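Novice: Here it is, the structure in full.
The values are calculated or read from the model by the stated rules, or taken from the named source; none is laboratory data. What you see is a predicted model, and the numbers here were worked out from it, not measured in a lab. Note that each Cβ is placed from the backbone with ideal geometry, even for glycine, and that neighbours are counted across all protein chains shown. Heavy atoms of the whole protein, side chains included, go into the accessibility calculation; ligands, DNA and RNA do not. Shrake-Rupley method; radii C 1.70, N 1.55, O 1.52, S 1.80 Å.
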Amino acid sequence: MPTNKPQNLRTSTRPPRNRAITLLAVGHACVDVYQGAVAALVPFFVAERAYTYAAASGIVLAASLLSSVAQPLFGALTDRKPLPWLLPVSTLVGGLGIALSGLGDSYALTLFFVAVSGLGVAAYHPESARIARTASRGGHTAMSWFSLGGNLGFAFSPALVALVVGLGGLTMSPLLLLPALAGSVLCLPALRIVQHGQGTPSGTAHRTPALTPATEDRRSFLRLTLGVICRSVVFIGLSTFISLHMAQSTGWGPTAGTAALVVLYFGGAIGTVLGGRLAERWDRVTIIRRSYLLTVLAVAGVALTPGPLGYLFVALASAGLYVPFSLQVTLAQDYLPNHVGTAGGITLGLTVSVGGIVAPAIGLLADATNLRTALIPLVAMPALSWLAFRGLPEPAATIGPACPTTPVEPPSEKAESP
């Protein structure tokens, strides 16, 4: 009997752990629908309200600016004290802002509601990254699945917006609240699994013993953050204007633009999974650097290649930008093992928000010249990311000192992969 007990323990704990990651990934998708929805709404704002490129990119800025500032603050808060209730609440706030953004004709109110959505997204990512780190035991593959959820949310957002707003106009935007309602409900069982020790026999969480603070590499984290910012600029620039660019380049109208966004976001989903798989064989820094180097050529192809062939370069650029996505999160958490909330908030959230600050400049250049000319400067961004990651050390993967309520596996399970 004693020899069978560890086996029963392992088989009983694996399904709850897998369910936690799955539910967190689905919840992540329901939140990141609203980050993708901002770019997907831009063509409808231009068509129905006759916004200029600069005015349309200002909407992206409204969602990004507040989110970029608030995200590290929420990360610092979650490092001091776990705030699991932020997941359902922030999901609802993120959805509510987008749902109300299509009502009325006031540009100021549109900016306000989009900014509220950005605040909800900012509150979600640091705490969700901390909880996912706990549930995944720091595994690259499990974290890539969690990140994949967000990518799929991005990928489905153009289709969702096209279905709701494309058929009924901007006044139908309140229906976009539905994913937030679903996501806020689905994250609750995931939180229960994580907080109750992921199915340990006693039904109670194992508490983390007092640990000596681990050594942090803040210089490497700063360089990583600079690379993440450059990646964000090119990704937000593409997601904001790729639909308009491809509609003009192919001459196929709004349908071509929606298809370009779908390719951009689904390419990111593939890249995220690929990144997690590659990290099981090679070190993360090398994978990230090579991905950014290849992305330079892909972004140049997006800007300079006319017609349908542009879709191929959109897919390659997306995959190249997203192979590093989950790897940057775990790498940052390993650089700052005592501040995993801050590290996760900056790398997981800042990657898809801070680039919006530059979007109005791209819009102004497009108004003064044309979209193709405005997209050309984006070619330099992945090159700068490559430089930022050049020479960065590969730290030993560690979960580090966890928050007081973080569950820890019994010793017999620690060697298992998620």
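Novice: Return the residues of the stretch 87-137 that are under 30 Å from Asn18 (Cβ atoms) and small (Gly, Ala, Ser); say none if nothing qualifies.
Specialist: Ser90, Gly94, Gly95, Gly120, Ala122, Ala123, Ser128, Ala129, Ala132, Ala135, Ser136
Novice: Looking at the stretch 60-75, I want the residues that are part of a helix (DSSP H, G or I) and have a partner that is of a type in the set (S, T, N, Q) with Cβ atoms under 7 Å, at least 6 apart or on another chain. Which pairs are those?
Specialist: What qualifies is Val60/Thr240; Ala63/Ser117; Ser64/Ser353; Ser67/Ser353; Ser68/Ser353; Gln71/Ser353; Pro72/Thr342; Gly75/Thr342.
Novice: Which of the residues that make up the stretch 290-309 are within 25 Å of Met143 (Cα to Cα) and surrounded by fewer than 21 Cβ atoms within 10 Å (Cβ to Cβ)?
Specialist: Scanning the stretch 290-309 gives Arg290, Leu293, Leu294.
Novice: How about the stretch 68-85: which of its residues are out of contact with any His (no Cβ under 9 Å at 6 or more places or on another chain) and either among the small types (Gly, Ala, Ser) or open to solvent by 50 Å² or more (accessible area, probe 1.4 Å) (or both)?
Specialist: Within the stretch 68-85, Ser68, Val69, Ala70, Leu73, Leu77, Arg80, Lys81, Trp85 qualify.
Novice: Here is a follow-up. Restricting the first residue to the stretch 227-240 and requiring it to be buried (at least 24 other Cβ atoms within 10 Å of the Cβ), which pairs with a second residue that is of a type in the set (Phe, Trp, Tyr) meet a Cβ separation below 6 Å and a spacing of at least six or different chains?
Specialist: Filtered contacts from the stretch 227-240: Gly227/Phe389.
Novice: Looking only at the stretch 346-389, which residues are closer than 30 Å to Phe146 by Cβ, open to solvent by 60 Å² or more (accessible area, probe 1.4 Å) and at pLDDT 90 or above?
Specialist: Leu384, Leu387
Novice: Does Val33 satisfy the criteria of being open to solvent by 50 Å² or more (accessible area, probe 1.4 Å), at pLDDT 90 or above and either of a type in the set (Lys, Arg) or closer than 19 Å to Ala129 by Cβ (or both)?
Specialist: Considered against the rule, which asks whether it is open to solvent by 50 Å² or more (accessible area, probe 1.4 Å), at pLDDT 90 or above and either of a type in the set (Lys, Arg) or closer than 19 Å to Ala129 by Cβ (or both), Val33 comes out as no.
Novice: Only one of (1) out of contact with any helix residue (DSSP H, G or I) (no Cβ under 7 Å at 6 or more places or on another chain); (2) at pLDDT below 90 fails for Ile270. Which number is that?
Specialist: So the condition that Ile270 fails would be (1).
Novice: Might you check whether a residue that is assigned to a helix (DSSP H, G or I), farther than 26 Å from Trp282 by Cα, out of contact with any His (no Cβ under 6 Å at 6 or more places or on another chain) and open to solvent by 20 Å² or more (accessible area, probe 1.4 Å) occurs anywhere in the stretch 310-327?
Specialist: yes
Novice: Can you tell me which residue is farthest from Gly94 (Cα to Cα) among those in the stretch 43-59 that are among the aromatic types (Phe, Trp, Tyr) and assigned to a helix (DSSP H, G or I)?
Specialist: Ranking the candidates gives Tyr53 first.
Novice: Among the residues of the stretch 279-289, what is the count of those that are of a type in the set (Lys, Arg) and exposed (fewer than 15 other Cβ atoms within 10 Å of the Cβ)?
Specialist: Counting residues in the stretch 279-289 that are of a type in the set (Lys, Arg) and exposed (fewer than 15 other Cβ atoms within 10 Å of the Cβ) gives 1.
Novice: Across the stretch 247-278, what is the total count of residues that are open to solvent by less than 30 Å² (accessible area, probe 1.4 Å) and within 22 Å of Cys230 (Cα to Cα)?
Specialist: Going through the stretch 247-278 one residue at a time, the tally reaches 11.
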